[in-house]
Amino acid sequence: MDTKTTQAEEIIDALDDAYLEGRDAREADQIRAQAEAKVDRMGHGSTFKLLLEFSIPAVVGVMVQMLYNVIDAVYVGHAVGADGLAATTVANPLMTAMTALAMLIGVGGNALMAIRLGEGKRDEARRVLGTSFILLMVVSVVVWIVGATLLEPILLVSGAEGEVMPLAKSFTMVLIAGCPLQFIAFGMNNFIRTAGYPNRALGSMLIGTAANVVFGYVFIVLLDGKMAGAGFATVCAWLLSAIFVMQFFLKKTSPMPLRKETLRLPLRLAGRICVMGIAPAIMQLGFAISSAIENNLLATYGAADPVGVDGALAIMRVLSAVGMFTFMPMVGIASGAQPIVGYNYGAKNYDRMKRVVWQAMALAAAITIPIWITVLVAPDMYANLFSLPQEYRKEAAWALVLFLIFVPILSIQTIGSNYFNATGQAAKATILTLTRQILFLIPLLIFCPQILPLFTPLSPLESVWFAASISDITSVLIVSVFLVFEYRRLKRLDPTF
């Protein structure tokens, strides 16, 4: 082969490489343009269509997320019995606290990223994504340390005692070990939705829940793993969800890539992410704190009630699971509305943003009310689902009614407080979240059992369950007042609002 032929082949190879590089660059530009169009439509597309597109997968996703706990409870109720249900009840505050940490960073980072995208600052949005991932991994190490040193005291505070303690420890130790997988599966999932792919975000949740059903049957039923088996089933499900989530961010054509240069931990940005995630995290931490107090009160008043301590805790496990199932559609709609609200707030499209808020409230009520009606009409169906002993089922059915009687009006509280978080008003969002879960609920839990039996037919134990409903009413009133003042503020900023 002569020199001219070799040079010609080299030129042809170089031209081929240039063509391929050019084609790859064009394809990459096309993918980026499509991704940007998916984000930008939040500023001009039909608000109701966007709300449905983002909210329906989010609703299904949070319902699926709740099924993680429900599936464990159903399997444990059949395989272990009332003590197993009591163990999952006392473990619930710790599990809720772990979810709160994932939401602190995942929801906070997601809200900030949506605002930055609305402002047209896409590079800053990518930095928010990378910083959020590093934060999640740092916090998971903190959870390991706390779990290794303080697990038993935490469970004691949550009401674990006697035969329930070893069962609860066996369950929670496995969950703590797998918490980095949970943080990726739940924390990073939020960013997929804001990148314009709500169905992809839903897919990761569906994969995890389907896996939890299968692994739960294998570890708890077939292998007789009891409480540890329930923990292993959940962690394996988290693993599959985490793989699915990370594949979205690491592929070359990702519309919102997680790249090495964005994996930094600038303290100012990390602080901003945490500030914006405080409200949803406090909501979850409020569940954890109020659940721990509630469990101790149930032990106190259950001992003086015919159902006993174990019966009261087992019934509470049913209430919390069904309550979440009824309440979480609102949380899903709030999550679906958040990127749309945040984007339009950043773009100063206030009228469009207000329309999304009202549509979200109406949609939340429309989805929640039918579920709520089944609780009122057939509460015994839910009591039977968890294989409660026969002597507890009548009390559990009545407790469900007391616990969930005012759930439909919570769409105002949930969507309203989420609005302030989505628009970067973390202080107001935090205050509104504190009202329902801590400022109102905890005093009501303490005083209702002492006061209500004096002038109502409710027993002290039943008064504990009814305290949550009273807290629902008061928190809705406070959020309504905040929204009125917020709309007046926006009217001053934009007279056309």
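Among the residues making up region 61-95, those that are modelled with pLDDT of 75 or more, open to solvent by 20 Å² or more (accessible area, probe 1.4 Å) and aliphatic (A, V, I, L, M) are LEU94, MET95. Condition check for LEU388 on (1) modelled with pLDDT under 85; (2) more than 21 Å from PHE287 (Cβ to Cβ); (3) open to solvent by 30 Å² or more (accessible area, probe 1.4 Å): one failure, at (3).
Table: residues versus (1) acidic (Asp, Glu); (2) open to solvent by 70 Å² or more (accessible area, probe 1.4 Å); (3) at pLDDT 75 or above.
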{"residue": "THR6", "(1), (2), (3)": "no, no, no"}
{"residue": "ARG32", "(1), (2), (3)": "no, yes, no"}
{"residue": "ALA37", "(1), (2), (3)": "no, no, no"}
{"residue": "LEU50", "(1), (2), (3)": "no, no, yes"}
{"residue": "ALA97", "(1), (2), (3)": "no, no, yes"}
{"residue": "LEU104", "(1), (2), (3)": "no, no, yes"}
{"residue": "VAL107", "(1), (2), (3)": "no, no, yes"}
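Only residues that are among the basic types (Lys, Arg) and either open to solvent by less than 30 Å² (accessible area, probe 1.4 Å) or part of a helix (DSSP H, G or I) (or both): list them for region 327-380, please. Matches in region 327-380: ARG352, LYS354, ARG355.
Pairs linking a residue in region 186-205 that is open to solvent by less than 10 Å² (accessible area, probe 1.4 Å) to a residue that is acidic (Asp, Glu) and modelled with pLDDT under 80, with Cβ atoms under 7 Å and 6 or more positions apart or on different chains, do not occur. Evaluated against (1) out of contact with any Leu (no Cβ under 6 Å at 6 or more places or on another chain); (2) touching a residue at least 24 places away in the same chain (Cβ under 8 Å); (3) at negative phi; (4) not polar (S, T, N, Q), PHE215 falls short on exactly one condition, (2).
The test for being assigned to a helix (DSSP H, G or I), of a type in the set (A, V, I, L, M) and surrounded by fewer than 17 Cβ atoms within 10 Å (Cβ to Cβ) does not hold for VAL235.
When the residues of region 127-160 are filtered to those that are small (Gly, Ala, Ser) and part of a helix (DSSP H, G or I), the one that is surrounded by the most Cβ atoms within 10 Å (Cβ to Cβ) is SER132. When GLN247 is tested against the conditions (1) farther than 18 Å from PRO198 by Cα; (2) in a helix (DSSP H, G or I); (3) more than 19 Å from the chain's Cα centre (by Cα); (4) not β-branched (Val, Ile, Thr), the lone failure is (1).
Can you find a residue in region 271-292 that is touching a helix residue (DSSP H, G or I) at 6+ places or on another chain (Cβ under 7 Å), open to solvent by 10 Å² or more (accessible area, probe 1.4 Å), farther than 16 Å from GLY106 by Cα and charged (D, E, K, R)? Checked against the condition, which is being touching a helix residue (DSSP H, G or I) at 6+ places or on another chain (Cβ under 7 Å), open to solvent by 10 Å² or more (accessible area, probe 1.4 Å), farther than 16 Å from GLY106 by Cα and charged (D, E, K, R), region 271-292 yields no hits at all.
The values are calculated or read from the model by the stated rules, or taken from the named source; none is laboratory data. As the structure is a prediction and not an experimental result, all values here were calculated from the model. In this analysis, Cβ positions are derived from the backbone assuming ideal geometry, glycine residues included, and neighbour counts consider all displayed protein chains. Just so you know, the surface numbers come from the protein's heavy atoms only, side chains and all, with ligands and any DNA or RNA stripped out. Shrake-Rupley method; radii C 1.70, N 1.55, O 1.52, S 1.80 Å.
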